[in-house]
Every structure is written in structure tokens, then in C-alpha cells.
Amino acid sequence: MEFGLTEEQLMIQKAARDFAQNDLKPGVIDRDSHKKHPTEQLKMMGELGFMGMLVSADYGGTEMGTLAYTLAMEEISKVDNSCSVCMSVQNSLVCAGIQAYASEALKQKYLPKLASGEMIGAFCLSEPEAGSDATSQRTTAEDKGDHYIINGTKNWITNGKHAGVYIVIAQTNPELKHRGINAILVDADAEGVTTGELEDKLGIRSSDTCSVMFQDVKVPKTNRIGDEGFGFKFAMKVLSGGRIGIASQALGIAGGAYELADKYAKERKAFGKPIGEHQAIGFKLAEMATQIEAAKLLVYRAAWLKDNGMPYDQAAAMAKLYASDIAQTITNEAIQVHGGYGYVKEYHVERLMRDAKITQIYEGTSEIQKLVISRNIRKGNLYLPVGEV
Ligand code: CAA
């Protein structure tokens, strides 16, 4: 087995780490406290190539591949998860979805702007009454010959306020159930598109999460992604890639908390020596480090499978399930290592603990990941698929 990273992957990892530590860290507490959208920071991320990592160079992307994207997500998530969730939705749901399944005209129209960060995209699947049960879409896209008329409300939309384009999942033919669903690109400035109030969230507080409403929005049929009725499969396929992005985010949160705890344990003295030299803290750090290494193997493996054109739904679900769980445990323990200092904003770990929670919820809850895994293993895929399945 080969566990090494290429020169290029190491370079991207370092570039993302330097950017996160030098450019994101200084203002992150202020942005989180005051729910300030990281507009400038996202612009810089676009300029550095972090917004189009899965987009081909033909459409202005950096074409770095999923593993490199995972490494960059991880470093950015050690510091600012309002930025990394935007990066994840932009890369793995919006850009990857358009690149893999949209028409040439749509690719040319949207990908260069999205890959450069000039335009932000959003993925509109969840609804007030359709979260985990994603086939129960109530938003409609009525077929009017050469165009659709879209009506409905989407909930919890990451990038909802700042997006220039939405991928909207909507029901066209309810008789066909999930096979009557379409995925349609809707410009944010189309008549009839409005957004709700920003959600006041526990974590990822400076990312713009809100409802998006569609009232009699007219969209040309050419904006549909893929064939008629492909929308639900599109959402499922794209979400499997998205889950690698969120697993990387969770891994980054865990890694960031661990690094802070490790540093503190070396500096802080109690009973005559650094607290890390006391077994109570040393063992905590040992457990944290082991969990992070295990999560890395799952996350990088899922990315590697995707990069190598192999089935990765199950691997992505396992990676997200495990990484988001250990992000909970590790951020909690990192606060414990810091004692009272961990409970205040200045030391960063309390923010990481608040950010960790959402990774067990969005892009498929932990329960949905277990459903995906259990259905896969019932088919006999007990181990991660490597070749034929
Ligand atoms: N790839 C391709 N097709 C797939 C698929 C996959 N990974 N998973 C399912 N499908 C297909 C099935 O083959 C089936 O199609 P056919 O009937 O034509 O064969 C169809 O989809 C329906 O599948 P199921 O019968 O399995 O549907 P279900 O209702 O039992 O369960 C589910 C599906 C896995 C629970 C799905 O609804 C799901 O993933 N729910 C969670 C939704 C989710 O992740 N939401 C996140 C919102 S986006 C977000 O959070 C972004 C953000 O802003 C951060």
C-alpha cells in the first residue's frame, strides 16, 4: 500500500495551511462573534484556486483532484469553518455537479466564474418538510414546453444570501415520484427569487445560511442538468462527493482542536511540569491523535477511490460518519485540556466545538450515513471496494 502524498499535494496542503493560519485566523473570532460574512476571505480563496479544485483547466479550474481538495479543506477547517463550508459546497456540490452532468453551454457559462470565486453557488435540496427524506420534494418545476415555472421554498441553504446561482432540485412529475425530479440552475437575480432571514446558528456563524423562496420563477429548459427526471439521482451522486468534503471539514476541525490542545499541554505547567507530561493529559492526547489518524485513513481513502474512478458512496459515508463523530469527541476533550481557558473564545477551541456539531447533520445526518452504509453492506460490500464490486 502507498500512503505518500505527491509533491503537488504537499504543496497544496502547505499553501492552504499558510493561508488559513496567516489570513483566516486573525479575524476569525470577530467574524464568528458578529456573524460577519467572510466575503473578502472567500474572494482570496478564489484567487488562490481553492474554489475550483475539481474543475478542469478548460473551464478555469485548478484540476487538483479530490485528495488535494481534501487536504486543503482540512487545513482551512482547522481555522475557519464558515469559509470551509462555502468551499465544500462550491467545489463538491456545485462545481463538480455542473462539470460532471451539465450541458457544454452551462459549463461554459457558469464554471469559469464559479472556479475563480467570482460567483458563489448554492445547492437547494432541503425543504421545510423534506430534509433526510429527500425524495419528498414539494418544490415544483412545472413543464411549460420550452421553460419551467418553479415554485417552492428551500431551507438551510448554505451560501443562500451570497450565491449568484442556485442548483434547485424540484418535482416536475409527482406520479413518477423521485424519477420525476429535476435539477435546474436558477440565477439568483431571476424574477421571483427571494431569500429569508439569516439563521442564527450554534456554529459556522459567519456563513450565510437562509431559506430561498421561488415564486413563479421562469427558467429555460436548457438550464436543466442532465436528462428529464435525473434530478434525484444527480443530487445523490453529487452528495456522495459532498460527503467527502464534509468529512474533510470534520477531520480539519478535529486536527485543529488537537493542535491547539497539544500546544497548550506543552506550555501550561501544573504540579511542576507541563500538563502534557501528566498521564491524565498525555493519554487524552494519545487517544485524540489515534482517532485523527484513523479518520485520515477513511477520508483520504474515500478521496482516493473517487480520484481513481472507483465506487465511493460507502467509503464517503463511513468517512463522514466517523470523522464527524471524532470531531465531537476531540473538540470536547481539547476544551478539557485547556481547562477554563478552553471555555472562552480567545483560545479558539470552543468555536471548533460549536462548528463540529453541524458536520453530524448537514449533507446527510449520521443516521443517513448509517442507512447508506447498512444498505451497502447488505449487498455484500463489507469492506471498502477497491476494484470490482
Ligand atoms: N447514486 C445514484 N443513485 C442513487 C444513490 C447514489 N448514491 N442513492 C440512491 N440513488 C437512487 C436509487 O437508485 C433510486 O433510484 P431508482 O429507484 O431509479 O433505482 C433512488 O435514488 C431512490 O433511492 P432510495 O430508494 O434509496 O431512496 P430512499 O428515499 O430510500 O433513501 C436517501 C434515499 C439515501 C435516504 C436519501 O434521501 C438521502 O441521502 N437523504 C439525505 C439527504 C441529504 O443528504 N441532504 C443534505 C442536504 S444538502 C446540504 O446539506 C448542503 C449544504 O448546504 C451544506
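The values are calculated or read from the model by the stated rules, or taken from the named source; none is laboratory data. Since the structure is predicted, the reported quantities are computational estimates derived from the model, not experimental observations. Please note: Cβ atoms are built from the backbone with ideal geometry, for glycine as well, and neighbour counts cover all protein chains shown. Surface areas here come from the heavy atoms of the whole protein model, side chains and all, with no ligands, DNA or RNA. Shrake-Rupley method; radii C 1.70, N 1.55, O 1.52, S 1.80 Å.
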| request: Using DSSP to define loop residues, name the chymotrypsin sites (Phe, Trp or Tyr not before Pro) in region 239-284 whose beta-carbon has at most 16 other beta-carbon atoms within 10 Å. | output: F271
| Taking only C-alpha pairs under 8 Å that are 6+ residues apart, what is the relative contact order of region 254-389 in percent? | 27 percent
| request: Sticking to Cα atoms, compute the Rg of the chain to one decimal and its Dmax as the biggest Cα-Cα distance, whole number, in Å. | output: 20.9, 79
| Charge dipole (debye, nearest 20) of the chain; +1 at Cβ of Lys and Arg, -1 at Cβ of Asp and Glu | 700 debye
| remark: Per GNM of the chain with C-alpha springs under 10 angstrom, the most fluctuating residue out of D227, D146, D80 is D146
| Per principal axis, descending, Cα span of region 1-154 in whole Å | 51, 39, 34
| query | To the nearest 20 debye, what is the magnitude of the charge dipole of region 1-67 about its Cα centre, counting +1 on the Cβ of each Lys and Arg and -1 on the Cβ of each Asp and Glu? | reply | 420 debye
| task | Under a 10 Å cutoff between Cα atoms, tell me which one of V344, V79, V193 has the largest fluctuation in the Gaussian network model of the chain. | result | V344
| request: Any chance you could run the full-extension gain for T329 through K35? It's 0.36 nm times the residue separation minus the Cα-Cα distance, nm to one decimal. | output: 103.3 nm
| Can you give the net charge of the other residues whose Cβ lies under 9 Å from the Cβ of E363, counting K and R as +1 and D and E as -1? | +2
| remark: Stretched fully, the stretch from A294 through Q108 gains (0.36 nm per residue minus C-alpha distance, one decimal, in nm) 63.0 nm
| remark: Taking the alpha-carbon centre of each part, the distance from region 277-317 to region 34-102 in Å is 21 Å
| note | GNM of the chain, Cα pairs under 10 angstrom: of N159, N151, N182, the biggest fluctuation goes to N151
| task | Would you please give the FRET efficiency between E8 and D189, computed as 1/(1 + (r/R0)^6) with r the Cβ-Cβ distance and R0 = 45 Å, to the nearest 0.05? | result | 0.75
| message | Please list 3J(HN,Hα) in residue order for region 205-211, calculated via the Karplus relation 6.51 cos²θ - 1.76 cosθ + 1.60 where θ = phi - 60°; whole Hz, with x for glycine and proline. | response | 6, 9, 7, 8, 9, 7, 7
| Using unit Cβ charges (K, R positive; D, E negative) and no other charged atoms, how large, in debye to the nearest 20, is the dipole of region 232-367 about its Cα centre? | 160 debye
| said: Could you put D189, D355 in order of accessible surface area, largest first, with the 1.4 Å probe and the full protein assembly present? | reply: D189, D355
| remark: If unit charges are put on Cβ atoms (+1 for Lys and Arg, -1 for Asp and Glu) and the dipole of the chain is taken about its Cα centre, the option from T6, P220, I361 lying farthest towards the positive end turns out to be I361
| said: Please compute the per residue accessible area over the chain with all protein chains in place, 1.4 Å probe, rounded to a whole number of Å². | reply: 44 Å²
| Spherically averaged projected area of region 63-204 from its Cα convex hull (nm²) | 9.7 nm²
| note | On the accessible surface of the chain, probed at 1.4 Å with all protein chains in place, carbon and sulfur together account for a percent value of 53 percent
| task | Filter the trypsin sites (Lys or Arg not before Pro) in region 130-212 down to the DSSP loop ones having no more than 16 other Cβ atoms within 10 Å, then list what survives. | result | R138, K144
| task | Could you pull the Cα extents of region 47-101 along its three principal axes, largest to smallest, in whole Å? | result | 31, 20, 16
| query | So between N173 and E118, what do we pick up on full extension, going 0.36 nm a residue minus the alpha carbon distance? | reply | 16.3 nm
| Given C-alpha coordinates of region 125-224, what is the ratio Rg to Rh with the Kirkwood estimate of Rh? | 0.98
| field | Overall form of region 244-289 per C-alpha gyration tensor (a/c, 1.5; a/b vs b/c) | value | prolate
| query | Does region 197-253 come out rounded, prolate or oblate by the C-alpha gyration tensor, with a ≥ b ≥ c the root eigenvalues, rounded set by a/c under 1.5 and, if not, prolate when a/b is larger than b/c and oblate if not? | reply | oblate
| request: With a cut-off of 13 Å, note down the residues of region 217-250 whose backbone N falls inside the zone around a label point 7 Å from the Cα of E142 toward its beta carbon. | output: 217-219
| Average projected area of the Cα convex hull of region 252-389, in nm²? | 9.2 nm²
| query | So what are the ³J(HN,Hα) numbers for region 120-135, from phi and the Karplus equation (6.51, -1.76, 1.60; θ = phi - 60°), rounded to whole Hz, Gly and Pro as x? | reply | 9, x, 9, 10, 9, 10, 5, 10, x, 10, 9, x, 5, 7, 6, 6
| said: Charges on Cβ only, +1 for Lys and Arg, -1 for Asp and Glu, centred on the Cα centroid of the chain; of L54, Y322, S207, which one is farthest towards the dipole's positive end? | reply: Y322
| request: Answer with one residue from H162, A334, I120: the one whose Cα lies farthest towards the positive end of the charge dipole of the chain, charges on Cβ with Lys, Arg +1 and Asp, Glu -1. | output: A334
| Phi to ³J(HN,Hα) by Karplus 6.51 cos²θ - 1.76 cosθ + 1.60 over region 136-143, Hz, x for Gly, Pro | 7, 5, 9, 5, 10, 10, 6, 6
